[in-house]
Amino acid sequence: MTSCHSRPSPDTAHLVEENLLTLAQLRRMVVALAPERYRQAFGEHGRHTLGKHVRHIIDHYDALLDGLDRGEEVIDYEQRRRDEALEQWPQQAASHLAGIESRLSALDGEPWSAALTLAYPLDDERLSLTSSLNRELAFLTSHSIHHMAIIALLAEQSGIHLPESFGVHPSTLRHWQRAPEEQAPLSRRSA
């Protein structure tokens with residue numbers, strides 16, 4: 001029996017589609033970059049690059065998908081690959097993103113009703129949080145969009161033009177589509 005405050009779980013197919021749209025947008029940006037632009041350092045200490053943010057996004061998808069492939073019930077995003085080649089070479093990252101898209105597409109037809117557990121480090125402890133595939137897919141969309149928004153800011157500083165929708169969450173894009181003209185972003189308003 002569900003409470004009056006509970007809502008049905010989102011459909012896996014819709015969540016996979018949101019992730020696919022997000023990753024395709026990221027892949028299109030990555031494939032168009034020269035390695036020098038992809039590796040260009042930003043920030044006072046030079047720790048930020050477009051490539052590092054892309055690699056970080058890839059790592060999270062790999063952590064989930066590799067865990068599912070191995071039949072693990074515990075997903076641990078702290079145990080990421082951190083493959084430096086993916087932050088150095090845009091073509092390699094774009095190829096890896098295409099592979100993730102294929103793996104995500106395969107999830108759409110699978111019955112994923114089993115509960116997952118998210119391992120979350122907290123000081124000296126490791127919490128085990130109840131989760132599901134749908135919850136993790138929703139997280140990955142939001143996490144990716146967050147890093148893509150940072151990528152967009154860095155790209156702008158480097159003179160790289162990206163679409164206005166780059167790094168904007170699908171829910172915001174849907175809101176923009178439904179919003180009256182006066183609520184649309186300034187760049188979308190007619191003159």
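The values are calculated or read from the model by the stated rules, or taken from the named source; none is laboratory data. What you are looking at is a predicted structure, and each value in this text was computed from that prediction instead of being measured. Cβ: placed from backbone, ideal geometry, glycine included. Neighbour counts: every protein chain shown. In case anyone asks, the SASA skips ligands and DNA or RNA and just uses the protein heavy atoms, side chains included. Shrake-Rupley method; radii C 1.70, N 1.55, O 1.52, S 1.80 Å.
Here are the numbers:
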| item | result |
| --- | --- |
| Near pairs, Cβ below 9 angstrom, 6+ apart or cross-chain, from segment 50-65 (closer than 18 Å to W89 by Cβ and among the small types (G, A, S)) to any residue that is open to solvent by 10 Å² or more (accessible area, probe 1.4 Å) and part of a helix (DSSP H, G or I) | G51/P35; G51/R39; G51/E87; G51/Q88 |
| Selection from segment 58-84 of residues that are aliphatic (A, V, I, L, M) and out of contact with any strand residue (DSSP E or B) (no Cβ under 6 Å at 6 or more places or on another chain) | I58, A63, L65, L68 |
| Subset tally (residues that are closer than 19 Å to F166 by Cα, assigned to a helix (DSSP H, G or I) and open to solvent by 60 Å² or more (accessible area, probe 1.4 Å)) for segment 23-72 | 5 |
| Of the criteria (1) open to solvent by 40 Å² or more (accessible area, probe 1.4 Å); (2) of a type outside the set (S, T, N, Q); (3) at pLDDT 90 or above, which one L118 fails | (1) |
| Test: residue in segment 62-78 that is hydroxyl-bearing (S, T, Y) and at pLDDT below 95 | yes |
| Number of the condition not met by N19 [criteria: (1) open to solvent by less than 10 Å² (accessible area, probe 1.4 Å); (2) touching a Phe, Trp or Tyr at 6+ places or on another chain (Cβ under 9 Å); (3) farther than 19 Å from R135 by Cβ] | (3) |
| Residues located in segment 154-175, provided they are touching a residue at least 12 places away in the same chain (Cβ under 8 Å) and out of contact with any helix residue (DSSP H, G or I) (no Cβ under 8 Å at 6 or more places or on another chain) | Q157 |
| Count - residues of segment 74-105 that are free of Cβ contacts under 8 Å to residues at least 60 places away in the same chain and surrounded by 12 or more Cβ atoms within 10 Å (Cβ to Cβ) | 17 |
| Residue check, R126 exposed (fewer than 15 other Cβ atoms within 10 Å of the Cβ), in contact (Cβ under 8 Å) with a residue 24 or more places away in the chain and either of a type outside the set (G, A, S) or under 19 Å from L20 (Cβ atoms) (or both) | no |
| All positions within segment 144-171 that are surrounded by fewer than 13 Cβ atoms within 10 Å (Cβ to Cβ) and at pLDDT below 85 | S171 |
| Meets criteria (aromatic (F, W, Y) and not in a helix (DSSP H, G or I)) for Y77 | yes |
